[in-house]
Amino acid sequence: MIKIIIVEDNKDMQLQLKNILRDTEFSKEEIKIQYFTKFTSELKSEIKDTVERKIYILDIELETKVSGIDIAKYIRETDWESEIIFITSHDKMFETAYRNVYEIFDFIEKFHHLESRLKKDLKVIYKKNFDNKMFKYNSRNVDIQIYYRSITHIYRDKDSRKLIVCTDKNNYAVNLNVSDCLAYLDNRFKMVHRACIANTDRVEVYNWVKGFFTLDNGQKVFMLSKKYRKEIEESNGNN
């Protein structure tokens, strides 16, 4: 699901944005659009919920003390993955926005090609930045749903004889063998050891001599076999 959060206090502009969203390729997907006119407790709770990545479309100038820039700064306190698009009636706000908020996707003037610019932005975001694929596992005792992007690696624990799915925050035990587990995953996941699968998007260094790989969080995992080197290098385009 794609969640789009719009903060705009002009009803006509809200309607225009709604019509634009209907006419983009997001309409082919399951989407949820939420509209706010100001910074409310409900919006605050939505921002703090970072389980799902979102697109925020923020009017800079709101009829309250809390501006769109203030809201964007609050978003970035807890969420660096969701996209922020500013819309405004005044191009003079461009420099202010970029000076105060990190990682802005775009700044669009309301009355200067808003529709074409916003559609283009949404298309790029949809194709490049939204990765909502999940590892889903159900058994008698546990139901697990984990975003692929959160999984760093999966290995077989010798003592429990279970697979341990490792994520940025937690580890989960599942009753699968290594080869069967691959059917639950996509092409970013490769075997790097007979008892280990790595999310290749999260691996920064493969040390084939010393038998470990280093993840983007700095963790070294000593489960790397030269047997799988050719497949890994081919998948990375290093033939």
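Summary table below
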| quantity | calculated |
| --- | --- |
| Only listed residue being crowded, with 18+ Cβ neighbours inside 10 Å and of a type in the set (Ser, Thr, Tyr), chosen from THR64, THR88 | THR88 |
| Test result for ASP106, among the charged types (D, E, K, R), at pLDDT 85 or above and within 23 Å of ILE20 (Cβ to Cβ) | yes |
| Residue within region 162-175 that is out of contact with any Lys or Arg (no Cβ under 7 Å at 6 or more places or on another chain), within 23 Å of LYS227 (Cα to Cα) and among the aromatic types (Phe, Trp, Tyr) present | no |
| Residue satisfying all of: in region 167-205; over 13 Å from THR152 (Cα atoms) and touching a residue at least 40 places away in the same chain (Cβ under 8 Å); surrounded by the fewest Cβ atoms within 10 Å (Cβ to Cβ) among these | ASN187 |
| Matching residues, region 59-116, being assigned to a strand (DSSP E or B) and over 25 Å from the mean Cα position of the chain (by Cα) | THR88, GLU109 |
| The listed residue being of a type outside the set (Val, Ile, Thr) and modelled with pLDDT under 95, out of ARG194, ARG188, ARG229 | ARG188 |
| Residue in region 49-58 that is among the charged types (D, E, K, R), over 20 Å from GLU109 (Cβ atoms), in a helix (DSSP H, G or I) and touching a residue at least 24 places away in the same chain (Cβ under 8 Å) present | no |
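The values are calculated or read from the model by the stated rules, or taken from the named source; none is laboratory data. What you are looking at is a predicted structure, and each value in this text was computed from that prediction instead of being measured. No Cβ is skipped: glycine too gets one built from the backbone with ideal geometry, and neighbour counts run over all protein chains shown.
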